[in-house]
Structures are given as structure tokens and as C-alpha cells.
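S.K.: Here it is: the structure, laid out below.
The values are calculated or read from the model by the stated rules, or taken from the named source; none is laboratory data. What you see is a predicted model; the values in this text were computed from it and never measured. All Cβ positions, glycine included, derive from the backbone under ideal geometry; neighbour counts span all protein chains shown.
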Amino acid sequence: MPTLIGRHFYLGLGLVQRYNAAMKKIVILISGRGSNMQAIALAAKEQQWPAQIVAVISNRADAAGLEFAASLGIPTALVISKDFATREAFDAALQAEIDRYSPDLVVLAGFMRILTAPFVEHYAGRMMNIHPSLLPSFTGLATHQQALDAGVKMHGVTVHFVTAQLDHGPIIDQAVVRVLQNDTEESLSARLLSHEHLIYPRAVRWFVEGKLTVKGNCVHVDADLTDNIEN
């Protein structure tokens, strides 16, 4: 089982993990199965990033992704959103829990909460999100239906740094698919998920390797960019 606030224990092999100070520390927030968290965790392990995922934290006790994280020996914790009367109180408790790990980067991976401005500002320049549209188009929910209703010919996903303005912030990477005549919300979502699992881990790796530079609202990537358009 995951830990509650203020109590932590280590799963997997049952060993306390020793963190190399030269490596970047990552905390991932989830609310459900956390498929992007899984993709990031596996990529970090397989590609031997100079980083360690020091915790996966959820606001829901039934989040399926917690079990996956535990199976990899990643510490898990709960900060249950329904236990707090206000967004501000929840965010303060969540921030305190995250900061116990002193992360270099906070990754939102299907974390279904609108975060308050003070929380976002605390992690300015070191918190990422992935949004299922080509931002700045189609913010909010039901993005695939928004794309279908608008009749766009291309649709996609966006990895961006989080700012206080919802679904905005400097764009790190995007992937694109063509919208087919018979596409539905479900078919678009399914086709884009594999792209999410490619570009989100890659963006996180760029961060931990020091390949991202933010200038204003633009992110410069010091890496060779592959073609993110599906024909």
C-alpha cells in the first residue's frame, strides 16, 4: 500500500533507495492509471537517464498507477483531495508532501486537479504537463471532440511547462496526427496515446539532461527533433 502524508516506506526489494546527488530528482503526480507515468518510469530505467523518480503521489487512493510504481520500487504517497475543504488547503498539503523529496522536476501525468496560482508559482520552470491538443487550441476538457467539432485536419498533444493560466505555458514538444473522416473521440484518443508515451518521456529526459532553455514563452531544445507528424 502507498504511504499517507508524513509516513513513507520503500517497496519493491524493500531497500531504502540511495539517491545520487548528481542526478535529478523527479516527482510524478497521478489520479488514475498513470499510463504516461509508466512510460516515463520505464524510459528512465531502460535509457539510464541521469535522474531518479523519487516518488509517485496521487490524490486518489484507488489510482491504479500506484501499484505499478510500487512494483518498480518507487516510493508512493497519498494526499487525498476530498479530505480538504478548499483547493488552497489541498494544494498546501500536496506542496508540503512534494517538497519532502526536494524534486528538480514535478511531472503531472493525468493529475486531475486545477492547481492554485501559488502552488504553480512555487514550481515555476520545473513543472510539466501533457495536454491532449495542439495548444494553444482546444484548452480544457473534451479536446478530441472539440477538434472534431471544429473540423481541423490535424490534431495532437502538447508537452508544456505549467503556468497559472490553465493549459498554457511554454511549449516543449508536440506530436501531430491527421484527423480522418471517420474519426471519433475514442479513435483519436487511442492514436494519440502512443505519441504521448513517446514525447512526454523525451521531454522529461531533455529537462534532466539540461537541454531545455526557456526564453519568454518559447522553449529552445538543444537536441535533434524527430518528425512528430503521423501521415
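S.K.: Condition first: polar (S, T, N, Q) and crowded, with 17+ Cβ neighbours inside 10 Å. Now tell me which residues in region 82-97 satisfy that.
M.R.: Gln95 - this is the single residue of region 82-97 that is polar (S, T, N, Q) and crowded, with 17+ Cβ neighbours inside 10 Å.
S.K.: Looking at Ser71, Ser31, which is the one that is at pLDDT 95 or above, over 15 Å from Phe111 (Cβ atoms), in the same structural domain as Val107 (by TED's automatic domain parsing) and not aliphatic (A, V, I, L, M)?
M.R.: Values: Ser31 fails: over 15 Å from Phe111 (Cβ atoms).
Answer to the check: Ser71.
S.K.: Give, as residue ranges, the strands (runs of 3 or more DSSP E) completely inside region 169-221 that count at least 3 residues that are surrounded by fewer than 17 Cβ atoms within 10 Å (Cβ to Cβ).
M.R.: 212-215, 218-221
S.K.: Now, a different point. Please indicate, with yes or no, whether at least one residue in region 181-200 is modelled with pLDDT under 95, in contact with a Gly (Cβ under 8 Å, 6 or more places away or on another chain) and farther than 18 Å from Asp104 by Cα.
M.R.: No.
S.K.: Continuing with this model, one more query. Where residues in region 34-55 are closer than 20 Å to Val120 by Cβ and among the aliphatic types (A, V, I, L, M), which of them is nearest to the chain's Cα centre (by Cα)?
M.R.: Start the filter on region 34-55 by keeping residues that are closer than 20 Å to Val120 by Cβ, which leaves 36-37, 55.
So of that shortlist, the ones also among the aliphatic types (A, V, I, L, M) come out as 37, 55.
Values: Met37: 7, Ala55: 13 Å.
Among those residues, the one meeting the criterion is Met37.
S.K.: Specify the residue that is nearest to Met37 (Cα to Cα); the eligible residues are those in region 145-168 that are assigned to a loop (DSSP other than H, G, I, E, B) and β-branched (Val, Ile, Thr).
M.R.: By that ranking, first place goes to Val162.
S.K.: Testing Ala164 on (1) crowded, with 21+ Cβ neighbours inside 10 Å; (2) modelled with pLDDT under 95; (3) among the aliphatic types (A, V, I, L, M), one condition comes back false. Which one is that?
M.R.: Result: Ala164 passes all but (1).
S.K.: Would you confirm, using the coordinates I've provided, whether Leu105 is without any contact (Cβ under 8 Å) to a residue 40 or more places away in the chain and of a type in the set (A, V, I, L, M, F, W, C)?
M.R.: no
S.K.: While we're on this one: Report yes if Glu97 is in contact (Cβ under 8 Å) with a residue 40 or more places away in the chain and in the same structural domain as Arg33 (by TED's automatic domain parsing), otherwise no.
M.R.: yes
S.K.: Within region 152-161, can one find any residue that is hydroxyl-bearing (Ser, Thr, Tyr) and either without any contact (Cβ under 8 Å) to a residue 12 or more places away in the chain or surrounded by fewer than 16 Cβ atoms within 10 Å (Cβ to Cβ) (or both)? Step through it out loud before you land on a result.
M.R.: First pass over region 152-161, keeping only residues hydroxyl-bearing (Ser, Thr, Tyr): 158.
Checking the rest, the ones that are also either without any contact (Cβ under 8 Å) to a residue 12 or more places away in the chain or surrounded by fewer than 16 Cβ atoms within 10 Å (Cβ to Cβ) (or both) come to none.
Scanning region 152-161 turns up no residue that is hydroxyl-bearing (Ser, Thr, Tyr) and either without any contact (Cβ under 8 Å) to a residue 12 or more places away in the chain or surrounded by fewer than 16 Cβ atoms within 10 Å (Cβ to Cβ) (or both).
S.K.: So, in region 85-128, exactly how many residues are under 16 Å from the mean Cα position of the chain (by Cα) and among the hydrophobic types (A, V, I, L, M, F, W, C)?
M.R.: The qualifying residues number 16.
S.K.: Would you be able to say whether some residue in region 54-61 is out of contact with any strand residue (DSSP E or B) (no Cβ under 7 Å at 6 or more places or on another chain) and of a type outside the set (Lys, Arg)? Working first, answer last.
M.R.: As a first pass, look at region 54-61 and keep what is out of contact with any strand residue (DSSP E or B) (no Cβ under 7 Å at 6 or more places or on another chain): 59-60.
Subsequent filtering for residues that are of a type outside the set (Lys, Arg) retains 59.
Scanning region 54-61 turns up at least one residue that is out of contact with any strand residue (DSSP E or B) (no Cβ under 7 Å at 6 or more places or on another chain) and of a type outside the set (Lys, Arg).
S.K.: Would you tally the residues in region 116-129 being in contact with an Asp or Glu (Cβ under 6 Å, 6 or more places away or on another chain) and either under 18 Å from Ile26 (Cβ atoms) or not in a loop (DSSP other than H, G, I, E, B) (or both)?
M.R.: Number satisfying all stated conditions: 1.
S.K.: Just checking, which of Met127, Met112 is of a type outside the set (Val, Ile, Thr) and either out of contact with any helix residue (DSSP H, G or I) (no Cβ under 8 Å at 6 or more places or on another chain) or touching a residue at least 40 places away in the same chain (Cβ under 8 Å) (or both)?
M.R.: When all the criteria are applied, what remains is Met112.
S.K.: Out of all the residues in region 162-179, which are in contact with a strand residue (DSSP E or B) (Cβ under 9 Å, 6 or more places away or on another chain) and without any contact (Cβ under 8 Å) to a residue 40 or more places away in the chain?
M.R.: Result: Asp167, His168, Val179.
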